[in-house]
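*Asks:* One structure follows; several queries about it will come next.
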Amino acid sequence: MERSGRVARRFGRRPDRAGRGGGYPKRVTFPVVGMVGGGQLARMTHEAGIPLGIRFKLLSDTPQDSAAQVVSDVVIGDYRDLDTLRDFARGCDVITFDHEHVPFEHLRALEADGIPIRPGPDALVHAQDKGVMRARLVEIGVPCPRHRIVTDAADVAAFAQEVDGFPVILKTVRGGYDGKGVWFARSREEAEEPFRAGVPVLAEEKVDFSRELAANVVRSPHGQAVAYPVVESRQVDGVCDTVIAPAPDLSEELSGQAQELALRIAADLDVIGHLAVELFETTDGRILVNELAMRPHNSGHWSQDGAVTSQFANHVRAVLDLPLGDPRPRATWTVMCNVLGGDYPDMYQAYLHCMARDPQLKIHMYGKDVKPGRKVGHVNTYGDDLAEVLERARHAAGYLRGTITE
Ligand code: ADP
């Protein structure tokens, strides 16, 4: 049933008994959050809205997508088509995203139609285009790897001369994820490949880093913002494998700097919702920004079981302009390990062993078919002894995948 005509888009102070004092038009029901994209981030954001009675409407590519399996109000359609987006937006109080691929001009058109888009197009463009992101971060004084847009392999060679020589990192400015769209070019010959697709390419110096960190913050339209503890994120083959919260042995100074940077980026770019700032901790003790993601992020999954308010719950609050929840950790250490598909399609069989071995283990599965190497879920563990907490998470992820058998 279509309700948008009757439902006020904003809500605020409750009117008194005489009906006075309401700051905004009176709502008649709970708001509808429209989520574009049916992946696991949408699935878990939906889950976080359930206790609050928030209603979800999903635009998903297929009925089999992770979130489409669990959300009751699903539109199957193509997010690249403006008419589809407009039909979808009808009946939503706000639109938010599971990914950053909705074309910028469509976001603008939806915004002009009057529907709140959170984060808005002018913020989201920085997560869509690495060239735009780098230019803006430099403008606002955020430390980044040396970089520039390059036109061909010869230009890459010239850029290599400007930094410390090869290798350099090449990135397509749009459409990359989980290391796809990123090349380590060790020579001019190896720099040919990224140009074959005919899309703009960003060259970056190869950063000498000791580890990767992420600073996650959430910001609301009121300008309220919260910062989660800075985490360490370990990648295997370009895919996030393990996240440790908080990042072990990170100095208070760097941790504070990273949180301040993330809060500043969120404010300067007017990000609404969850912002993940992926960082390098360099071997000489600095932090540099690698990437921005303006949605719940893999580096924040630990917060589901390890923080007072999860990234998903705070994302829902932020897009609805509700007061944000406490981001502080509930345990000394929380570890998240991603569960990748292995050779055994039936992961459920592994539950018996994992749950019996570790009653504190938290398993989060995405409802995806198990295929080798595919991210199909994650586990969270927490406790006071980091070595033990890490071992428990790794064991569970490995056992579910089938790489550990006892
Ligand atoms: P994606 O959008 O696919 O996540 P990223 O920009 O995060 O791409 O790069 C993927 C990985 O490549 C990073 O996690 C990091 O390990 C490595 N990487 C990216 N940029 C650099 C750089 N300038 N120097 C060294 N390593 C890098």
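Here, each number is a calculation from the coordinates, and none is a lab measurement. The structure displayed is predicted, hence computed values, not measured ones. Using ideal geometry, Cβ is built from the backbone for each residue, glycine included, and neighbour counts are taken over all protein chains shown.
*Asks:* What residue, among those in the stretch 196-226 that are under 26 Å from Pro296 (Cα atoms), among the small types (Gly, Ala, Ser) and away from the ligand (no atom under 15 Å from the Cβ), is farthest from the chain's Cα centre (by Cα)?
*Replies:* Going through the qualifying residues, I end up with Gly223.
*Asks:* Looking only at the stretch 95-116, which residues are of a type in the set (Val, Ile, Thr) and either assigned to a loop (DSSP other than H, G, I, E, B) or within 16 Å of the ligand (Cβ to nearest atom) (or both)? First the steps, then the outcome.
*Replies:* First, pick out the residues of the stretch 95-116 that are of a type in the set (Val, Ile, Thr): 95-96, 102, 115.
Selection gives Val102, Ile115.
*Asks:* Could you list all residues from the stretch 257-280 that are closer than 17 Å to Arg211 by Cα and more than 12 Å from the ligand (Cβ to nearest atom)?
*Replies:* Just the residues of the stretch 257-280 that are closer than 17 Å to Arg211 by Cα, to begin with: 257-259, 276-280.
Once the filter is applied, which keeps residues that are closer than 17 Å to Arg211 by Cα and more than 12 Å from the ligand (Cβ to nearest atom), the stretch 257-280 yields Gln257, Ala258, Gln259.
*Asks:* So, of the residues in the stretch 101-130 that are closer than 19 Å to Leu320 by Cα and under 17 Å from the mean Cα position of the chain (by Cα), which turns out to be surrounded by the fewest Cβ atoms within 10 Å (Cβ to Cβ)?
*Replies:* By that ranking, first place goes to Pro121.
*Asks:* Part of a helix (DSSP H, G or I) and of a type in the set (D, E, K, R) - does that describe any residue in the stretch 117-133? Walk me through how you get there before you give the answer.
*Replies:* Quick first cut of the stretch 117-133, residues part of a helix (DSSP H, G or I) only: 121-128, 130-133.
Pick out the ones that are also of a type in the set (D, E, K, R) and you get 122, 130.
Within the stretch 117-133, one or more residues are part of a helix (DSSP H, G or I) and of a type in the set (D, E, K, R).
*Asks:* I want to confirm something. Restricting to the stretch 76-99 and keeping residues that are touching a residue at least 60 places away in the same chain (Cβ under 8 Å) and touching a strand residue (DSSP E or B) at 6+ places or on another chain (Cβ under 7 Å), which single residue is farthest from Ala293 (Cα to Cα)? Steps first, answer last, please.
*Replies:* First, pick out the residues of the stretch 76-99 that are touching a residue at least 60 places away in the same chain (Cβ under 8 Å): 90-99.
Subsequent filtering for residues that are touching a strand residue (DSSP E or B) at 6+ places or on another chain (Cβ under 7 Å) retains 91-98.
Numbers: Gly91: 27, Cys92: 23, Asp93: 23, Val94: 19, Ile95: 17, Thr96: 13, Phe97: 11, Asp98: 10 Å.
My answer is Gly91.
*Asks:* Now a separate question. Would you mind stating whether Val271 is outside any strand (DSSP E or B), crowded, with 18+ Cβ neighbours inside 10 Å and touching a helix residue (DSSP H, G or I) at 6+ places or on another chain (Cβ under 7 Å)? It would help to see each step written out before you state the result.
*Replies:* Working: outside any strand (DSSP E or B): yes; crowded, with 18+ Cβ neighbours inside 10 Å: yes; touching a helix residue (DSSP H, G or I) at 6+ places or on another chain (Cβ under 7 Å): yes.
Spelling it out, Val271 is indeed outside any strand (DSSP E or B), crowded, with 18+ Cβ neighbours inside 10 Å and touching a helix residue (DSSP H, G or I) at 6+ places or on another chain (Cβ under 7 Å).
*Asks:* Using beta carbons and a limit of 6 Å, which pairs, at least six apart or on different chains, have the first residue in the stretch 194-209 and without any contact (Cβ under 8 Å) to a residue 60 or more places away in the chain and within 15 Å of Ala157 (Cβ to Cβ) and the second one more than 13 Å from the ligand (Cβ to nearest atom) and assigned to a strand (DSSP E or B)?
*Replies:* Listed by first residue and then by second, the contacts come to Val201/Val150; Ala203/Val150.
*Asks:* Collect the residues in the stretch 79-94 that are outside any helix (DSSP H, G or I) and either of a type in the set (Val, Ile, Thr) or within 21 Å of the chain's Cα centre (by Cα) (or both), keeping them in residue-number order.
*Replies:* At the first step, the residues of the stretch 79-94 found to be outside any helix (DSSP H, G or I) are 79-81, 90-94.
Residues satisfying the conditions are Tyr79, Arg80, Val94.
Every residue, every condition in (1) in contact with a helix residue (DSSP H, G or I) (Cβ under 9 Å, 6 or more places away or on another chain); (2) under 18 Å from Ile287 (Cβ atoms); (3) surrounded by fewer than 19 Cβ atoms within 10 Å (Cβ to Cβ); (4) touching a residue at least 60 places away in the same chain (Cβ under 8 Å), yes or no:
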| residue | (1), (2), (3), (4) |
| --- | --- |
| Met133 | yes, yes, no, yes |
| Val138 | no, yes, yes, no |
| Ile149 | yes, no, yes, no |
| Gln161 | no, no, yes, no |
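*Asks:* When both residues are 6+ apart or on different chains and their Cβ atoms are under 6 Å apart, which pairs have a first residue that lies in the stretch 259-280 and is over 14 Å from Asn216 (Cβ atoms), and a second that is of a type in the set (A, V, I, L, M, F, W, C) and in a loop (DSSP other than H, G, I, E, B)?
*Replies:* What qualifies is Asp268/Ile140; Phe280/Val207.
*Asks:* Keeping to the stretch 167-195, report how many residues are charged (D, E, K, R), near the ligand (Cβ under 8 Å from one of its atoms) and not in a strand (DSSP E or B). Spell out the reasoning first.
*Replies:* Our first condition is that a residue be charged (D, E, K, R); within the stretch 167-195, this holds for 171, 174, 178, 180, 186, 188-190, 192-193.
Still in the running and near the ligand (Cβ under 8 Å from one of its atoms): 171, 178, 180.
Retained after the next criterion (residues that are not in a strand (DSSP E or B)): 178.
Total satisfying the criteria: 1.
*Asks:* Also, I was wondering about something else. Looking at (1) more than 16 Å from the ligand (Cβ to nearest atom); (2) over 10 Å from the mean Cα position of the chain (by Cα), which one does Asn290 not meet, given that it meets all the others?
*Replies:* Going through the list (1) more than 16 Å from the ligand (Cβ to nearest atom); (2) over 10 Å from the mean Cα position of the chain (by Cα), Asn290 breaks only (1).
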